[in-house]
Amino acid sequence: MTRVLLTGFEPFDGERVNPSWAAVREAATRPPAGLEFTTAELPCVYGDASAALFQAVRDSDPDLVLCVGQAGGRPDLTVERVAVNIDDARIPDARGAQPIDEPIVPHGPAAYFAALPVKACVMAVRAAGLPASVSNTAGTFVCNHVFYGLMHLIATERPALRGGFVHVPYAPEQVTDRSAPSLPVSAVAEGLRVIAATAAITKADVKAVGGATH
Ligand code: PCA
């Protein structure tokens, strides 16, 4: 059995739902064969979010961690390639903090790559009939903060752990009155299952086109 920790976020920025947590919860009701899922909901708060993640890692001692967050405006599941060592908030977090240009880990590496076969994960989601792509920025808000915290934990304390970050589109109910892309939560949940199953069995990433010109 591969133990997988899936995390999602609480709603933020005035939204009533966060599709990341809704999809994680739904995915966990039907884990793929050979995988055992545990879940945690993270607060949208700098510092507290990674503390909650680290506690969940201690509690469930996973082999693989997939952190998931909402990326409103993106049309597809995006598997993040890189976490950067910077907090630069465009909006305040759920506790009102708005750090500007502060390192997440003082003197830590500028960036970490995901410990995930990102291209293989993207290809597998597409093969399952769902839209996905590689993303080269997880932003500089709480999602990137948690992603960098996870990668720093792997680099400094848990070298056997694999993990990374997936951003997901709005749920349809969030965009009924605006023209923004969305994906049903059940489709996102299926994509997360596929990513977890692919990451669990893929040791070396595939060489496939997935780069960006900008
Ligand atoms: N998305 C935000 C934080 C929480 C979430 O779901 C982000 O992309 O940073």
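Based on Cβ point charges of +1 for Lys and Arg and -1 for Asp and Glu, what charge dipole magnitude is obtained for the chain about its Cα centre, in debye rounded to the nearest 20?
Numbers: 17 positive and 22 negative charges, 150 e Å.
Rounded to the nearest 20 debye, it is 720 debye.
Please give the charge dipole size of the range 1-100, origin at the Cα centre, charges +1 on K and R Cβ atoms and -1 on D and E Cβ atoms. Round to the nearest 20 debye. Could the numbers behind the result be given before it?
Values: 9 positive and 15 negative charges, 31 e Å.
Around 140 debye, computed over the range 1-100.
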- Message: Quick check: convex hull of the Cα atoms in the range 20-59, volume per residue, rounded to a whole Å³?
- Response: 65
- Where q = 0.10, 0.17 Å⁻¹, what log10 of I(q)/I(0) comes from the Debye formula for the range 105-214, counting one point per Cα? -0.34, -0.94
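Mean residue ellipticity at 222 nm from the helices of the chain, using -39,500 (n - 2.57) per DSSP H segment of n ≥ 4 over the full residue count, to the nearest 500 deg cm²/dmol? Could the numbers behind the result be given before it?
Values: 5 runs with 65 residues, N = 214.
After summing the helix terms and dividing by residue count, I get -9500 deg cm²/dmol.
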- Task: At a temperature of 10 °C and a viscosity of 1.306 mPa s, determine how fast the range 1-93 diffuses translationally according to Stokes-Einstein, using the Kirkwood radius over alpha-carbon pairs as Rh; express D in µm²/s, rounded to the nearest whole number.
- Result: 111
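Out of all DSSP beta bridges with both ends in the chain, state the antiparallel percent to the nearest 5.
Numbers: 7 of 31 bridges.
Of those bridges, close to 25 percent are antiparallel.
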- A correct fewest-to-most ranking of Met123, Met151, Met1 by other Cβ atoms within 10 Å would be Met1, Met123, Met151
- Placing +1 on each Lys and Arg Cβ and -1 on each Asp and Glu Cβ in the chain, then taking the dipole about the Cα centre, the residue among Leu35, Ala128, Ala160 whose Cα reaches farthest towards the positive end is Ala128
- In whole angstrom, the spacing between the Cα centers of the range 176-212 and the range 38-76 equals 16
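Could you please report the charge total around Asp87, scoring K, R as +1 and D, E as -1 over all other residues with beta-carbon less than 15 angstrom from its beta-carbon? Could you put the intermediate results ahead of the total?
Values: positive: Arg90, Arg95; negative: Asp48, Asp88, Asp93, Asp101, Glu102.
Its environment carries a net charge of -3.
So which trypsin sites (Lys or Arg not before Pro) in the range 1-62 are both in a DSSP loop and have at most 15 other Cβ atoms within 10 Å of their Cβ?
In loop regions of the range 1-62 (DSSP not H, G, I, E or B), the sparsely surrounded trypsin sites (Lys or Arg not before Pro) are Arg16.
In what order do Asp177, Asp205 fall by count of nearby beta-carbon atoms within 10 Å, going from fewest to most? Could you put the intermediate results ahead of the total?
Numbers: Asp177 6, Asp205 15.
Placing the least packed residue first, the sequence is Asp177, Asp205.
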- Message: Using a 7 Å offset from the Cα along the Cα-to-Cβ direction at both Ala180 and Ile201, what is the distance between the two label points in nm, to one decimal?
- Response: 3.6
- Take Phe12, Phe147 and order them by how many other Cβ atoms sit within 10 Å, fewest up front. Phe12, Phe147
- Note on the structure: Sorted largest first, the C-alpha extents of the chain along its principal axes in whole angstrom are 45, 41, 38
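Throughout, read-outs are computed from the coordinates displayed, never taken from laboratory work. From a predicted model like this one, the values you see are computed outputs, not experimental measurements. In this analysis, Cβ positions are derived from the backbone assuming ideal geometry, glycine residues included, and neighbour counts consider all displayed protein chains.
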